[in-house]
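Data block below; observations after.
The values are calculated or read from the model by the stated rules, or taken from the named source; none is laboratory data. Predicted, not measured: the structure shown is a model, and the values here were computed from it. Reconstructed Cβ throughout: ideal geometry from the backbone, glycine too, with neighbour counts over all protein chains shown.
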Amino acid sequence: MTIRHALVVDDSKSARMMLQRLLSKMNVESEAVENAEEALRFLQNKQPDVIFMDHMMPGMDGLEATQMIKSNPLTAAIPTIMYTSKEDREYHQMALSHGAQGVLAKPASQDAIMAVIQSLDEPAANDDNSAPAAQIPLIEIDKLIEKRLKDVISEARAEISAAVDSATHQLQQTQNSQLELMQTRLSQKQEAFQYDVRAQLSEQELFQKTRQQNQRLAVAVADKMVKKSADDLITIIRTSQTSVEADLASLREQLSKDIARRSNRALITGLAGGAILGGLIGVAAVLFL
């Protein structure tokens, strides 16, 4: 069969470019899209001679896209080759059951591409000169795609939810294990720290570490005590001096008063004695005369 134009469907840019280069060396023009949804929209307007379909892609996978292509009379005659790293016999049978007409293993070689193309028994779409097949309205194709997208989104949400729950559980277990490990390490460090503190707080260790501070403190306290004692002594001396001065003044005053009294008393006594003596002399004089 004559292959002039191919469609490459793959979400990997490098895989698309490699396959397109190999096809170009075989004089086969090719166009490329990166997912199944784009491939279905592409086929609404163009019909390549062959489709190379990747299996694992975001959204709709390659087998599902191949099944939709085969269910559409407009595209059912286009041979689809699964372009994937899966090449075991079981996968090959599954690909055929979904409508694929062969499997091309990644990474592809020019000989492998040629062998797959030569294995195609059905005529290519551009070799079919019969009456055009009945076409499914574009709106129906859009509905099928939309329905499939909704199903894929629902499945993806369920898978994401399950994955999140599993990841959350694993994260909690990991966090709990890390927390227990951190607590164990913290307890060990705390015990080591307490041991060091006890060793450093022994009486001898404390005495050695605070010896200079204690000496300086003792000198400062002694200076303050000496200063305070001197101040107190000065205050006592000043208070005693004031008291002595007061006592001396009082004593002087009392002595002055006592001397004055005694002087007055002596004067009176002298006057009285003189008077008596004069009287006696007068009496004696009278008697003798």
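Listed values, structure above:
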quantity: Test for Leu280: is it surrounded by 10 or more Cβ atoms within 10 Å (Cβ to Cβ) and assigned to a helix (DSSP H, G or I); calculated: yes
quantity: Residue list for the stretch 43-54, restricted to those being touching a residue at least 40 places away in the same chain (Cβ under 8 Å) and crowded, with 17+ Cβ neighbours inside 10 Å; calculated: Gln47, Pro48, Asp49, Val50, Ile51, Phe52, Met53, Asp54
quantity: Condition met for Leu40 (touching a strand residue (DSSP E or B) at 6+ places or on another chain (Cβ under 7 Å) and surrounded by 18 or more Cβ atoms within 10 Å (Cβ to Cβ)); calculated: no
quantity: Residue list for the stretch 5-18, filter: part of a loop (DSSP other than H, G, I, E, B) and either surrounded by 19 or more Cβ atoms within 10 Å (Cβ to Cβ) or outside the structural domain of Lys70 (by TED's automatic domain parsing) (or both); calculated: Asp10
quantity: The stretch 170-226: number of residues that are among the aromatic types (Phe, Trp, Tyr) and at pLDDT below 75; calculated: 1
